[in-house]
Structures are given as C-alpha cells and as structure tokens.
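The structure appears below as structure tokens.
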Amino acid sequence: MKKSVCLIGKPNVGKSTIFNKLIKEKKSIILDEAGITRDRIYGSVTYQNKSFSLIDTGGLTTENHDFNNEIKMQAELAIDEADTILFVVDGKEGLDNTDYFIRDMLIKTSKEVIVLVNKVDNPKRQENIYEFYELGFEHLIPVSAEHNLGFTEILELLTKDIPETLNNPNHIPKFCIIGRPNVGKSSLINALLNEERAIVSDIAGTTRDSIDTKFTYNKKEYIVVDTAGLRKKGRIYENVEKYSYLRSMKAIDESDVCVVVVSAEEGIIEHDKHILGFALEAGKGVVLAVNKWDTVSNPDLAIKAWKTKLNNEFQFASYLKVVFLSAKKKTRISSLMPEVISALENNQKEIPTSTLNNVITEAVSLNAPPTYKGKRLKIFFVSETSIKPPKFTFQVNNKSLIHFSYERYLENKLRENFDLTGTPIILQFKNKNERD
C-alpha cells in the first residue's frame, strides 16, 4: 500500500496552499475564509522517483456545532488512515488553545507527527519558531507556502523510507469500478473474475470499503478495485458511509483507470455526471460501462439510441469509449478489458515532439488564432511535458490571448491526429522563457 500523509490544523493556517504546492496543482480551494475545505481531498505527491498519497482536511476548531463536528470526524478518519501527520501551525500568530486541542488529539495516536510552522518567510520569524517545540513533537520544520520555502526538507523527511516507485517495471496496472449504489459494480467484478469474490445484494450500499483483487488477463497481471457506491453528498449521513465515500475517492486517486458504471435499467441521472467528473479531474483513464443491458428490450436497436443519449449527457467527455454489458447474465463482459487497456495506454502515451509540432503547425495554418485588441496569439513550440494524463505545454507570445474556443480547437486537432480516446488531456500555455 502507498504511504498516506495527512494535513491537520486549525482554519486559515495554510494547509490547502501546502497541499497544492506538494501535489503541484491547484486541487484544494484557497480562500482567506475559515472552514473552506470541508471534506478530505486526496492527491498524489512524487519526489525523486518516490510517491505517497496526501490528504487535505478541513480546519479544526474548538467551537461546538454540527459543521465543526463533521470536520472533526473527517479529520479523525484522515488521522486513522494516515501513516504520517503534518500538523500545520501559524508562525505569524503563534500558538493558541486550538493548537493545543489538536496537539492533545494527535498525542493519543501512535502516528509520526511533523509540525510545519507555516508563514515563516523572514529570518526574524525563524528565530521565534522555538515556542512551537512546546507542542512536544520531535520534528519541526519552518515553511513558507507562499514563498515556497521548506518544501525540500518536508519531502526528504516524508520519503526517506519509501522505495523508488516511478517507472517501476513491476508496477501492476490498477483500475477501479465506480458508480452510484446498486448499479452492479460488485456483480461486474464477479463476472470479470468469474467467481463470487464480492458480496452481491439488491440492497444498495452492500460494499462499505474498497476491495483490491489481483487477477491475470492475457498473461498479464492487473488489480481491480471494488468501491462503495458514491451517493449524492447530501445523502451521506452515517459515519460509515462517509468513510466509504472517502475511501472510494482514494481508490480513484490511486488507480490508473476508472470504469464508471451506469445502469441501463435506471438510465442516466445528474449524479452519474458528477462521478465521471471525479475520475476526469483526477486525470485518470476512463471507460464508461452501461450495465444491466439484459433489462433493455431490443438491445441491438437500443445501442444506437443509448450512444446518442450518452453523447448528449456527457458532452464534456465525448472522447470516452462505452461498453454495453450485463454482469448478471455475463454477456459482453469480454468487451471491457480491451477498453480498460486502451485507456491505460492512452493515459500514459508519449508523443514525439517533432510530430506534435507538425500537427500544431498545420492546425494553425488551417485556422489561425483570432486577434484580440489588435494582437494575435503566436505558438512557438509545443511539447508533451508529462503523462497520466498527457500534458501538452505550448510556448506562446502572450498566454492571455488564448481563447477557450481556440484551446478546444487545438485539443480536437490533437485528438484527431493521435489516439487519445479514454483519457483527459491537459493543455498548458506559457509565455516564452517563462519558468514553471
């Protein structure tokens, strides 16, 4: 299992900023308002070929009302799940009763705790950090999330015991099955494995936790993860359901591909779009599986109507492949794995820079960027700068000139020329000579 690290602290000490800096993307909301981050947010951190999971949590306070009780419960779940805890305190304001309250909560655990004294952005503040040793924890690191100070020390300490995992030839591809309760996720896994490994019931919510199963397909090993049904946020009321929801979100983050299951019997609802959005925002390869196909009359004729329906409902992800199957009758099950493998390969596809530039040069010659206030966007160079998902960085004269419609045009041209079905892609625009 991947090492888990969670961020704990009172509101407005900079946890979300530290989270975003460590995962190198803006995934947590940052506002100067206490209590913005309510649920745990998962991300993945990679440093010198080593990786770990990072969990952001809502700010803890000593005030006693329902909102704070829920945040406290989420934080307790994060602490329980984590191997190491990053306790963030405010180096500008110093310690207060809430910090000591959190300290007392952490002392009761047997977990490693590292105190991050944030907002230490000048030498005078560094001299005042010794008061934070009063908390009683061995490791204390002064940091400035705003000025990017102290992060190397954090990463060195967190990864000292983690083996190198990046580009590991022994990595077993992992895909998770996600969807609303009772769409047939466990039945689908049983049909895929051809054995009754997961509990199957007509009662929604039978699966409470994420379950990993290793299997072999075409002489290659894979791991499939069964997850709890993702309910609408307003209907998650029991502690165990909140735990299941958050474990499902972690399963998404740790998988290479997500199979999003919808029910042919119930049709597509708005929450199906939200669930698909979770997978796409995490940058995963995605396959849409329409299950319970045995409940559809005239299935051969219905496929055309369903494809039209899916295109209309999931316009934001028209590049996904769809499989129609019945886990109960074990029909069309063989169509799933080829699409999972295709999404996996495309999610980590590497495209030669010369070929990429030829395609973009031709795209610009066919349809030049529009002018804005007498200025026109110029694209000097494009390269693929990362995978999982593929990220394409464009060096331009002025990135403020890029219009969303032209960005969409460039994405369409990339997809027309390269097989990127089953994966989101990222287009980044940087001014020439701009540093990351």
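The values are calculated or read from the model by the stated rules, or taken from the named source; none is laboratory data. All values derive from a computational prediction rather than experimental measurement. For neighbour counting, all protein chains shown are included, and Cβ atoms are generated from backbone atoms with ideal geometry for every residue, glycine included. Quick note on the areas: whole protein, heavy atoms, side chains included, nothing else; ligands and nucleic acids left out. Shrake-Rupley method; radii C 1.70, N 1.55, O 1.52, S 1.80 Å.
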Open item on the list: Being farther than 25 Å from residue 315 by Cα and at pLDDT 95 or above: is that true of residue 417 here?
Closed with: no
Open item on the list: I'm told residue 400 meets every condition in (1) over 22 Å from residue 351 (Cα atoms); (2) surrounded by 13 or more Cβ atoms within 10 Å (Cβ to Cβ) except one. Can you identify the failing condition by its number?
Closed with: (2)
Open item on the list: So, residue 356, is that one at pLDDT 95 or above and out of contact with any Asp or Glu (no Cβ under 7 Å at 6 or more places or on another chain) or not?
Closed with: no
TODO: Can you run down the residue pairs with Cβ atoms below 6 Å, 6 or more apart or on separate chains, where the first is in segment 214-225 and within 15 Å of residue 336 (Cβ to Cβ) and the partner is at pLDDT 90 or above and of a type in the set (A, V, I, L, M)?
DONE: 217/337; 224/189
TODO: Provide a single number: the residues in segment 388-436 that are farther than 17 Å from residue 370 by Cα, in contact with a Pro (Cβ under 8 Å, 6 or more places away or on another chain) and outside any loop (DSSP other than H, G, I, E, B).
DONE: 1
Task: Whichever residue in segment 194-216 is at pLDDT 85 or above and either of a type in the set (Lys, Arg) or surrounded by fewer than 14 Cβ atoms within 10 Å (Cβ to Cβ) (or both) and, among such residues, is nearest to residue 176 (Cα to Cα) - done: 214
- [ ] Starting from residues that are surrounded by 12 or more Cβ atoms within 10 Å (Cβ to Cβ) and hydrophobic (A, V, I, L, M, F, W, C), keep the ones in segment 359-374 and report whichever is modelled with the lowest pLDDT.
- [x] 368
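Looking only at segment 176-192, count every residue that is in contact with a Cys (Cβ under 7 Å, 6 or more places away or on another chain) and either surrounded by fewer than 24 Cβ atoms within 10 Å (Cβ to Cβ) or part of a helix (DSSP H, G or I) (or both) and tell me the total. Talk me through it step by step, then tell me what you get.
Residues of segment 176-192 in contact with a Cys (Cβ under 7 Å, 6 or more places away or on another chain): 176, 178.
Retained after the next criterion (residues that are either surrounded by fewer than 24 Cβ atoms within 10 Å (Cβ to Cβ) or part of a helix (DSSP H, G or I) (or both)): none.
Selection size over segment 176-192: 0.
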Task: Single unsatisfied condition, residue 340 versus (1) more than 29 Å from residue 391 (Cβ to Cβ); (2) open to solvent by less than 20 Å² (accessible area, probe 1.4 Å) - done: (1)
Open item on the list: With closer than 23 Å to residue 175 by Cα, open to solvent by 20 Å² or more (accessible area, probe 1.4 Å), at pLDDT 90 or above and part of a helix (DSSP H, G or I) as the only criterion, which of 276, 280 stands out?
Closed with: 280
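Are any residues in segment 135-175 under 29 Å from residue 15 (Cα atoms) and exposed (fewer than 14 other Cβ atoms within 10 Å of the Cβ), and if so, which ones? Break it down into steps so the answer makes sense when it comes.
Of the residues in segment 135-175, the ones under 29 Å from residue 15 (Cα atoms) are 135-166.
Within segment 135-175, 136, 138, 146, 147, 148, 152, 156, 160, 161, 163, 164, 166 qualify.
Yes or no, residue by residue, for (1) in a loop (DSSP other than H, G, I, E, B); (2) without any contact (Cβ under 8 Å) to a residue 24 or more places away in the chain; (3) open to solvent by less than 70 Å² (accessible area, probe 1.4 Å):
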residue: 303; (1), (2), (3): no, yes, yes
residue: 308; (1), (2), (3): no, yes, no
residue: 312; (1), (2), (3): no, yes, no
residue: 328; (1), (2), (3): yes, no, no
